[in-house]
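The values are calculated or read from the model by the stated rules, or taken from the named source; none is laboratory data. Just so it is clear, the model here is predicted, and its values are computed rather than measured. Reconstructed Cβ throughout: ideal geometry from the backbone, glycine too, with neighbour counts over all protein chains shown. Ligands, DNA and RNA are excluded from the accessible area calculation, which covers all protein heavy atoms including side chains. Shrake-Rupley method; radii C 1.70, N 1.55, O 1.52, S 1.80 Å.
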Amino acid sequence: MKKVLAAVLCLSVLGVFSLAAASYMDNPYQKLAREYKAKSEKAFNEGEYDRAVEYSLLAEENAQLSEEYVTEMLAKYEANTRIIYARNRILYAKNLKADVNYPMAFSAGQKALDNAVMAYGMKNWATATLYAEECLAALEGIKEILPLPKYYIVTPWAKSKDCYWNIAGKPYVYDNPLLWENLYQANKSSMPDPANPDLIHPGMKMLIPSLTGEFRDGVYSPSVKYDNYGKRKAASSSSDVSAMIDTGMYGAQSPKN
(Lines give C-alpha, C1' and ligand atoms only; values in the text may rest on other atoms or scores of the structure.)
Protein backbone atom coordinates (compact mmCIF):
# COMPACT_ATOMS: atom_id res chain seq x y z
CA MET A 1 0.00 0.00 0.00
CA LYS A 2 2.88 2.31 0.78
CA LYS A 3 4.25 2.05 -2.80
CA VAL A 4 0.83 2.52 -4.40
CA LEU A 5 0.07 5.60 -2.32
CA ALA A 6 3.48 7.06 -3.12
CA ALA A 7 2.93 6.58 -6.85
CA VAL A 8 -0.51 8.23 -6.75
CA LEU A 9 0.76 11.21 -4.80
CA CYS A 10 3.73 11.78 -7.07
CA LEU A 11 1.77 11.49 -10.31
CA SER A 12 -1.03 13.83 -9.21
CA VAL A 13 1.35 16.52 -8.02
CA LEU A 14 4.08 16.23 -10.62
CA GLY A 15 1.57 16.19 -13.50
CA VAL A 16 0.30 19.65 -12.60
CA PHE A 17 3.80 20.88 -11.86
CA SER A 18 5.00 19.82 -15.30
CA LEU A 19 2.31 21.88 -17.02
CA ALA A 20 3.02 24.99 -14.91
CA ALA A 21 6.79 24.66 -15.25
CA ALA A 22 6.53 24.33 -19.03
CA SER A 23 4.22 27.34 -19.31
CA TYR A 24 5.88 30.01 -17.23
CA MET A 25 8.66 30.97 -14.87
CA ASP A 26 8.45 30.40 -11.14
CA ASN A 27 5.70 32.17 -9.23
CA PRO A 28 4.63 32.20 -5.56
CA TYR A 29 2.02 29.45 -6.04
CA GLN A 30 4.50 27.18 -7.75
CA LYS A 31 7.03 27.74 -4.99
CA LEU A 32 4.44 26.83 -2.35
CA ALA A 33 3.50 23.75 -4.34
CA ARG A 34 7.13 22.63 -4.34
CA GLU A 35 7.42 23.23 -0.61
CA TYR A 36 4.27 21.22 0.14
CA LYS A 37 5.41 18.48 -2.19
CA ALA A 38 8.69 18.22 -0.28
CA LYS A 39 6.78 18.14 3.04
CA SER A 40 4.46 15.48 1.66
CA GLU A 41 7.38 13.29 0.62
CA LYS A 42 9.09 13.78 3.99
CA ALA A 43 5.91 12.92 5.94
CA PHE A 44 5.34 9.88 3.72
CA ASN A 45 8.88 8.60 4.29
CA GLU A 46 8.39 9.04 8.04
CA GLY A 47 5.19 7.01 7.90
CA GLU A 48 2.86 9.97 8.59
CA TYR A 49 0.49 9.08 5.75
CA ASP A 50 -2.42 11.28 6.74
CA ARG A 51 -0.17 14.31 6.94
CA ALA A 52 1.46 13.28 3.67
CA VAL A 53 -1.94 13.30 1.96
CA GLU A 54 -2.76 16.69 3.52
CA TYR A 55 0.47 18.22 2.22
CA SER A 56 -0.03 16.56 -1.13
CA LEU A 57 -3.47 18.14 -1.50
CA LEU A 58 -2.05 21.55 -0.59
CA ALA A 59 0.72 21.04 -3.14
CA GLU A 60 -1.83 20.13 -5.80
CA GLU A 61 -4.04 23.11 -4.90
CA ASN A 62 -1.14 25.55 -5.23
CA ALA A 63 0.00 23.88 -8.44
CA GLN A 64 -3.49 24.48 -9.83
CA LEU A 65 -3.36 28.11 -8.69
CA SER A 66 0.03 28.38 -10.38
CA GLU A 67 -1.40 27.04 -13.62
CA GLU A 68 -4.27 29.55 -13.47
CA TYR A 69 -1.82 32.34 -12.73
CA VAL A 70 0.38 31.32 -15.65
CA THR A 71 -2.62 31.18 -17.98
CA GLU A 72 -3.70 34.66 -16.93
CA MET A 73 -0.22 36.12 -17.25
CA LEU A 74 0.18 34.66 -20.73
CA ALA A 75 -3.20 36.08 -21.73
CA LYS A 76 -2.18 39.47 -20.33
CA TYR A 77 1.13 39.31 -22.19
CA GLU A 78 -0.62 38.41 -25.44
CA ALA A 79 -3.13 41.26 -25.04
CA ASN A 80 -0.37 43.75 -24.30
CA THR A 81 1.68 42.57 -27.28
CA ARG A 82 -1.25 42.82 -29.70
CA ILE A 83 -2.16 46.28 -28.40
CA ILE A 84 1.42 47.43 -29.01
CA TYR A 85 1.22 46.08 -32.57
CA ALA A 86 -2.14 47.80 -33.07
CA ARG A 87 -0.80 51.13 -31.76
CA ASN A 88 2.19 50.93 -34.07
CA ARG A 89 -0.09 50.13 -36.99
CA ILE A 90 -2.29 53.14 -36.15
CA LEU A 91 0.81 55.39 -36.12
CA TYR A 92 1.97 53.91 -39.41
CA ALA A 93 -1.48 54.44 -40.95
CA LYS A 94 -1.58 57.99 -39.63
CA ASN A 95 1.78 58.73 -41.28
CA LEU A 96 0.30 57.48 -44.55
CA LYS A 97 -2.62 59.91 -44.13
CA ALA A 98 -5.01 57.00 -43.71
CA ASP A 99 -7.34 59.29 -41.80
CA VAL A 100 -7.73 61.19 -45.09
CA ASN A 101 -7.37 58.42 -47.69
CA TYR A 102 -9.09 55.63 -45.75
CA PRO A 103 -11.21 57.50 -43.19
CA MET A 104 -13.71 54.75 -42.43
CA ALA A 105 -11.07 52.03 -42.10
CA PHE A 106 -8.88 54.28 -39.98
CA SER A 107 -11.81 55.26 -37.76
CA ALA A 108 -12.77 51.60 -37.30
CA GLY A 109 -9.19 50.73 -36.39
CA GLN A 110 -8.91 53.58 -33.90
CA LYS A 111 -12.21 52.63 -32.25
CA ALA A 112 -11.14 48.99 -31.97
CA LEU A 113 -7.84 50.06 -30.39
CA ASP A 114 -9.67 52.27 -27.89
CA ASN A 115 -11.88 49.32 -26.98
CA ALA A 116 -8.81 47.10 -26.61
CA VAL A 117 -7.17 49.55 -24.21
CA MET A 118 -10.39 49.85 -22.22
CA ALA A 119 -10.75 46.05 -21.98
CA TYR A 120 -7.11 45.76 -20.95
CA GLY A 121 -7.67 48.28 -18.17
CA MET A 122 -10.55 46.12 -16.94
CA LYS A 123 -8.26 43.04 -17.05
CA ASN A 124 -10.36 41.43 -19.77
CA TRP A 125 -7.28 40.09 -21.53
CA ALA A 126 -9.04 37.92 -24.10
CA THR A 127 -11.41 40.72 -25.07
CA ALA A 128 -8.52 43.16 -25.33
CA THR A 129 -6.70 40.78 -27.65
CA LEU A 130 -9.77 40.38 -29.86
CA TYR A 131 -10.21 44.15 -30.17
CA ALA A 132 -6.51 44.61 -30.95
CA GLU A 133 -6.81 41.99 -33.70
CA GLU A 134 -9.91 43.80 -34.95
CA CYS A 135 -7.87 46.99 -35.18
CA LEU A 136 -5.14 45.27 -37.17
CA ALA A 137 -7.70 43.72 -39.51
CA ALA A 138 -9.38 47.08 -40.13
CA LEU A 139 -6.05 48.66 -41.11
CA GLU A 140 -4.76 45.72 -43.14
CA GLY A 141 -5.58 47.18 -46.55
CA ILE A 142 -4.06 50.60 -45.88
CA LYS A 143 -1.06 51.43 -48.01
CA GLU A 144 0.83 54.52 -49.07
CA ILE A 145 -1.01 56.54 -51.70
CA LEU A 146 0.50 59.27 -53.82
CA PRO A 147 -2.13 62.03 -53.77
CA LEU A 148 -3.64 63.19 -57.00
CA PRO A 149 -2.72 66.79 -57.87
CA LYS A 150 -4.78 69.54 -56.29
CA TYR A 151 -3.67 72.18 -58.80
CA TYR A 152 -2.89 72.27 -62.50
CA ILE A 153 -0.93 75.01 -64.27
CA VAL A 154 -2.56 75.83 -67.60
CA THR A 155 -0.23 75.63 -70.61
CA PRO A 156 -0.69 77.32 -74.01
CA TRP A 157 -3.38 75.93 -76.29
CA ALA A 158 -0.88 75.34 -79.10
CA LYS A 159 1.17 73.08 -76.83
CA SER A 160 -1.44 70.99 -75.02
CA LYS A 161 -4.91 72.12 -76.14
CA ASP A 162 -5.68 73.08 -72.54
CA CYS A 163 -9.31 73.92 -71.86
CA TYR A 164 -11.70 72.84 -69.11
CA TRP A 165 -13.00 69.99 -71.27
CA ASN A 166 -9.55 68.57 -72.07
CA ILE A 167 -8.14 69.13 -68.60
CA ALA A 168 -11.08 67.33 -66.97
CA GLY A 169 -10.39 64.41 -69.29
CA LYS A 170 -6.81 63.99 -68.09
CA PRO A 171 -6.45 60.68 -66.17
CA TYR A 172 -5.11 62.32 -63.01
CA VAL A 173 -7.84 65.00 -62.99
CA TYR A 174 -11.24 63.34 -63.53
CA ASP A 175 -10.52 61.04 -66.47
CA ASN A 176 -13.81 62.29 -67.89
CA PRO A 177 -14.21 65.50 -69.94
CA LEU A 178 -17.92 65.56 -69.09
CA LEU A 179 -16.94 66.69 -65.60
CA TRP A 180 -15.33 69.90 -66.91
CA GLU A 181 -17.83 72.19 -65.22
CA ASN A 182 -16.58 71.18 -61.78
CA LEU A 183 -13.29 72.83 -62.74
CA TYR A 184 -15.04 75.85 -64.18
CA GLN A 185 -17.18 76.52 -61.11
CA ALA A 186 -14.17 76.14 -58.80
CA ASN A 187 -11.99 78.55 -60.81
CA LYS A 188 -14.23 81.05 -62.57
CA SER A 189 -13.67 83.73 -59.94
CA SER A 190 -10.01 83.94 -61.02
CA MET A 191 -10.82 84.22 -64.75
CA PRO A 192 -10.77 87.50 -66.70
CA ASP A 193 -14.37 86.89 -67.73
CA PRO A 194 -16.05 84.54 -65.23
CA ALA A 195 -19.06 84.20 -67.52
CA ASN A 196 -16.98 82.71 -70.34
CA PRO A 197 -15.51 79.25 -69.56
CA ASP A 198 -13.45 79.35 -72.75
CA LEU A 199 -11.21 82.15 -71.49
CA ILE A 200 -8.63 80.36 -69.42
CA HIS A 201 -5.10 81.64 -69.85
CA PRO A 202 -1.62 80.06 -69.76
CA GLY A 203 -0.01 80.15 -66.34
CA MET A 204 -3.38 80.06 -64.55
CA LYS A 205 -3.18 77.91 -61.39
CA MET A 206 -6.33 75.84 -61.68
CA LEU A 207 -7.85 74.24 -58.59
CA ILE A 208 -8.97 70.64 -59.03
CA PRO A 209 -11.73 70.11 -56.46
CA SER A 210 -12.23 66.66 -54.96
CA LEU A 211 -15.43 65.04 -56.22
CA THR A 212 -15.48 61.68 -54.47
CA GLY A 213 -13.52 62.33 -51.30
CA GLU A 214 -10.21 61.54 -52.98
CA PHE A 215 -7.22 63.18 -51.33
CA ARG A 216 -5.52 65.79 -53.52
CA ASP A 217 -2.39 67.76 -52.73
CA GLY A 218 0.29 69.74 -54.52
CA VAL A 219 0.66 70.97 -58.09
CA TYR A 220 0.66 68.60 -61.04
CA SER A 221 4.13 67.60 -62.15
CA PRO A 222 4.75 65.80 -65.46
CA SER A 223 7.63 63.93 -63.79
CA VAL A 224 5.26 62.19 -61.34
CA LYS A 225 3.32 59.08 -62.29
CA TYR A 226 -0.15 59.52 -60.78
CA ASP A 227 -2.90 56.97 -60.40
CA ASN A 228 -5.78 57.14 -62.82
CA TYR A 229 -8.67 59.00 -61.15
CA GLY A 230 -11.09 56.25 -62.12
CA LYS A 231 -8.85 53.68 -60.45
CA ARG A 232 -8.52 55.81 -57.32
CA LYS A 233 -12.28 56.31 -57.23
CA ALA A 234 -12.88 52.55 -57.48
CA ALA A 235 -10.30 51.90 -54.76
CA SER A 236 -11.93 54.49 -52.54
CA SER A 237 -15.31 52.86 -53.07
CA SER A 238 -14.02 49.40 -52.23
CA SER A 239 -12.38 50.79 -49.09
CA ASP A 240 -15.57 52.53 -48.01
CA VAL A 241 -13.74 55.83 -47.87
CA SER A 242 -16.84 57.95 -48.23
CA ALA A 243 -20.09 58.27 -50.08
CA MET A 244 -19.22 58.47 -53.72
CA ILE A 245 -20.52 61.02 -56.19
CA ASP A 246 -20.73 59.32 -59.56
CA THR A 247 -21.27 62.45 -61.59
CA GLY A 248 -20.04 66.02 -61.34
CA MET A 249 -21.59 68.60 -59.10
CA TYR A 250 -22.90 70.37 -62.13
CA GLY A 251 -24.31 69.63 -65.57
CA ALA A 252 -22.41 67.62 -68.16
CA GLN A 253 -22.02 70.23 -70.89
CA SER A 254 -18.97 70.96 -72.96
CA PRO A 255 -17.61 74.49 -73.35
CA LYS A 256 -18.24 76.26 -76.57
CA ASN A 257 -15.14 75.89 -78.72
Given the conditions (1) part of a loop (DSSP other than H, G, I, E, B); (2) among the aliphatic types (A, V, I, L, M); (3) modelled with pLDDT of 85 or more, and given that ILE245 satisfies all but one, which numbered condition is not satisfied? (3)
Condition check for LEU65: in a helix (DSSP H, G or I), over 12 Å from the mean Cα position of the chain (by Cα), over 24 Å from GLU133 (Cβ atoms) and hydrophobic (A, V, I, L, M, F, W, C): yes
Within the stretch 67-90, is even one residue open to solvent by 60 Å² or more (accessible area, probe 1.4 Å), among the aliphatic types (A, V, I, L, M) and over 30 Å from PRO171 (Cβ atoms)? yes
What number of residues within the stretch 176-198 satisfy the criterion of being surrounded by 14 or more Cβ atoms within 10 Å (Cβ to Cβ) and not in a helix (DSSP H, G or I)? 3
Quick one: in the stretch 211-235, of everything that is touching a residue at least 40 places away in the same chain (Cβ under 8 Å) and hydroxyl-bearing (Ser, Thr, Tyr), which residue is surrounded by the fewest Cβ atoms within 10 Å (Cβ to Cβ)? SER221
When the stretch 104-153 is checked residue by residue, the ones that are open to solvent by less than 20 Å² (accessible area, probe 1.4 Å), farther than 15 Å from TYR92 by Cβ and not in a helix (DSSP H, G or I) are LEU148, PRO149, TYR152
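Of all residues in the stretch 154-164, count the ones that are open to solvent by 70 Å² or more (accessible area, probe 1.4 Å) and hydrophobic (A, V, I, L, M, F, W, C). First the steps, then the outcome.
Of the residues in the stretch 154-164, the ones open to solvent by 70 Å² or more (accessible area, probe 1.4 Å) are 157-159, 161.
Still in the running and hydrophobic (A, V, I, L, M, F, W, C): 157-158.
Residues flagged as open to solvent by 70 Å² or more (accessible area, probe 1.4 Å) and hydrophobic (A, V, I, L, M, F, W, C) within the stretch 154-164 amount to 2.
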Of the criteria (1) buried (at least 16 other Cβ atoms within 10 Å of the Cβ); (2) under 12 Å from the mean Cα position of the chain (by Cα); (3) of a type in the set (D, E, K, R), which one LYS170 fails: (2)
